[in-house]
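The values are calculated or read from the model by the stated rules, or taken from the named source; none is laboratory data. If you're wondering where the values come from, they're calculated on a predicted model, not measured in any experiment. Ideal geometry is used to build each Cβ from the backbone, glycine not excepted, and the neighbour counts take in all protein chains shown.
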Amino acid sequence: MSTGVPGVVLAAPASGSGKTTVATGLIGALRRVGHRVTPFKVGPDYIDPGYHGLAAGLPGRNLDPVLVGRDRIAPLYRHGSRGGDIAVVEGVMGLFDGRIDEQSADPVAEGSTAQVAHLLGLPVILVVDARGHSQSLAALLHGFATFDSGVRLGGVVLNRVGSARHEQVLRAACDRVGLPVLGALPRLAELEVPSRHLGLIPAVEHGVAAVRAVEAMTELAARHIDLPAVAALAAAPQSGPLWDADSEVAVGEAVPDGPPPLIAVAGGPAFTFGYAEHRELLTAAGARVVVVDPLHDTLPADTAGLVLPGGFPEEHADALAANTALRAAVAEQARQGLPVHAECAGLLYLTRSLDGRPMAGVLDASAEFGPRLTLGYREAVALADSVLWRAGERVYGHEFHRTRLSEPGTHPAAWGWRSDGGQVREGALAHNVHASYLHTHPAGNPAAVSRFVAAARAHQRSRAAAPVR
């Protein structure tokens, strides 16, 4: 049993208020004065945690009740905050925004920042975009402070303040509703980090510029946020169990014979989407995990399983196409039964071509960058047995992509779900390949991870038993 470290949640009235700038800067500033900060992000966002990780020097982690279940939120927080002395949790969208479910009578949206703050018992710091605000800010803050008694609003950070006079007026408005101002950050255009269709460009892709941006955010927060006040506000959640990868995959009762199967996980600039718990679960299930960059690496000779996570392969299509050795190895190994778990970017990599550039050709399909963003949670049903799922199993996942399969091919679909337009059949199954646009969180589906490692071990054994030709 553990309480986890004290923490604060950074939320906002709406998207675009500057939460990521403030959260990243706060993480870096607290680290600069000697704190060991453990960073978290509410929701399925893969990009913000990269900036958090740069600022903290520790992996950024996600807390998403929709994808992992509300009962796992506090245990995952306790697990991820071990070794720290303060946690910073960046929220998603507006404080009370989450999964839209018109059938639910619960006033707190599933997956919202408010729900996570309530589940953890942490105080909320509201980041307000000060542009266009004056005395009426008091009414907005009064509404957010009183809307839900289960959420404790502990203070305000005023972001993008226009002048000393503007700050004075806004502080007076905060005083009227009894909320302390924990910081007031001026407008600085040079802090704008280049964005892409899904938000910020991942820190791994943005390279040196991302490091400099994080340093600038840190400096801004160090100058304009009351760090001792934030640390004093931080509260520890109630004691409870730690999330534990070994327990989740039920390893230890009978250790399988033979060496651990090697599972290659695609990384580097083109495959940046992933959860820290995934590698922890793969390792706990008995695998040896190696990161491979498809821009220039090839598969290790003893690869027994391949994970191709999400990312932005369309931005690196030329380099991916140029790595002919890896493309050929993936295609050949997949034909020989290599277990492959591919999500979004991984799905695209397995097609014949992406925007006209040749890919691995495992799937009889082509892909292209499209005009429309597909975004949202999905309640999906596995349509057939695979190396991850059993037919009929239900899972919550999340889609967000602007690519599409222009020639879907004839492979059996991996998933089915209902939408406003009727039944959707999505993804592809081929050999031991499970490929889909749907992102899932392994911590919410540990049995699938165990099944995948078991499939990798079986493939390793069958390959070892095959006659040498």
Can you tell me which of A328, A380, A367 is outside any strand (DSSP E or B) and among the small types (G, A, S)?
A328
For L308, only one of the following conditions fails: (1) surrounded by 16 or more Cβ atoms within 10 Å (Cβ to Cβ); (2) farther than 24 Å from R402 by Cα. What is its number?
(2)
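Kindly indicate whether any position in the range 9-25 is of a type in the set (A, V, I, L, M), touching a helix residue (DSSP H, G or I) at 6+ places or on another chain (Cβ under 9 Å), more than 27 Å from V208 (Cβ to Cβ) and assigned to a loop (DSSP other than H, G, I, E, B).
Taking the range 9-25 and keeping what is of a type in the set (A, V, I, L, M), we get 9-12, 14, 22-23.
Remaining after also requiring touching a helix residue (DSSP H, G or I) at 6+ places or on another chain (Cβ under 9 Å): 9-12, 22-23.
Filter again for more than 27 Å from V208 (Cβ to Cβ), leaving 9, 11-12.
If we keep only those that are assigned to a loop (DSSP other than H, G, I, E, B) as well, we get 12.
Yes, some residue in the range 9-25 is of a type in the set (A, V, I, L, M), touching a helix residue (DSSP H, G or I) at 6+ places or on another chain (Cβ under 9 Å), more than 27 Å from V208 (Cβ to Cβ) and assigned to a loop (DSSP other than H, G, I, E, B).
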Kindly indicate the residue of the range 224-237 that is part of a loop (DSSP other than H, G, I, E, B) and closer than 20 Å to G83 by Cβ and also modelled with the lowest pLDDT among those meeting that condition.
P237
Scan the range 293-305 for residues that are surrounded by fewer than 21 Cβ atoms within 10 Å (Cβ to Cβ) and not hydrophobic (A, V, I, L, M, F, W, C) and jot them down.
D293, H296, D297, T298, P300, D302
Which fully enclosed helices (runs of 4 or more DSSP H) of the range 72-191 have 1 or more residues being touching a Ser or Thr at 6+ places or on another chain (Cβ under 6 Å)?
73-80, 164-176
For the range 15-32, name all the residues that are at pLDDT 95 or above and of a type in the set (G, A, S).
A23, G25, G28, A29
Going through the range 268-303 one residue at a time, which ones are in a loop (DSSP other than H, G, I, E, B), in contact (Cβ under 8 Å) with a residue 60 or more places away in the chain and not β-branched (V, I, T)?
G268, P269, A270, F271, G274, Y275, A285, G286, A287, D302
Check on A443, within 30 Å of A74 (Cβ to Cβ), touching a helix residue (DSSP H, G or I) at 6+ places or on another chain (Cβ under 6 Å), small (G, A, S) and assigned by TED's automatic domain parsing to the domain that holds G310:
yes
Is it true that some residue in the range 402-411 is farther than 24 Å from T303 by Cα and free of Cβ contacts under 8 Å to residues at least 12 places away in the same chain?
no
Quickly run through the range 334-364 and pick out the residues that are in contact (Cβ under 8 Å) with a residue 40 or more places away in the chain, outside any loop (DSSP other than H, G, I, E, B) and more than 15 Å from H434 (Cβ to Cβ).
R335, L354, R357
Filter result for L140 (in contact with a helix residue (DSSP H, G or I) (Cβ under 6 Å, 6 or more places away or on another chain) and closer than 30 Å to Y77 by Cβ)
no
Taking the range 304-324 on its own, how many of its residues are over 20 Å from Y437 (Cα atoms) and in a loop (DSSP other than H, G, I, E, B)?
1
Starting from the range 307-333, keep only residues that are under 26 Å from L388 (Cβ atoms) and in contact (Cβ under 8 Å) with a residue 40 or more places away in the chain, then list their pairs with residues that are among the small types (G, A, S) and surrounded by fewer than 24 Cβ atoms within 10 Å (Cβ to Cβ) whose Cβ atoms are within a distance under 6 Å, requiring at least 6 positions of separation or different chains.
P309/G274
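This table checks each residue for (1) closer than 21 Å to V330 by Cα; (2) touching a Pro at 6+ places or on another chain (Cβ under 8 Å).
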{"position": "E379", "(1), (2)": "no, no"}
{"position": "H398", "(1), (2)": "no, yes"}
{"position": "G409", "(1), (2)": "yes, no"}
{"position": "S419", "(1), (2)": "no, no"}
{"position": "Q423", "(1), (2)": "no, no"}
{"position": "A455", "(1), (2)": "yes, yes"}
{"position": "H459", "(1), (2)": "yes, yes"}
{"position": "A464", "(1), (2)": "yes, no"}
Answer from P65, P59, P13, P44 - the residue that is touching a residue at least 12 places away in the same chain (Cβ under 8 Å), within 20 Å of N159 (Cβ to Cβ) and not assigned by TED's automatic domain parsing to the domain that holds A443:
P13
Looking for something touching a Leu at 6+ places or on another chain (Cβ under 9 Å), buried (at least 21 other Cβ atoms within 10 Å of the Cβ) and either on the phi > 0 side of the Ramachandran plot or among the aliphatic types (A, V, I, L, M) (or both) - is there at least one such residue anywhere in the range 419-427?
yes
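Quick grid of which residues meet (1) under 28 Å from E314 (Cα atoms); (2) touching a Phe, Trp or Tyr at 6+ places or on another chain (Cβ under 6 Å):
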site: F369; (1), (2): yes, no
site: R394; (1), (2): no, no
site: W417; (1), (2): yes, no
site: E426; (1), (2): yes, yes
site: V449; (1), (2): yes, no
site: A458; (1), (2): no, no
Where a residue in the range 247-260 is under 24 Å from G444 (Cα atoms) and in the same structural domain as T303 (by TED's automatic domain parsing) and its partner, wherever it lies, is modelled with pLDDT of 55 or more and among the acidic types (D, E), with Cβ under 8 Å and at least six apart
G252/D246
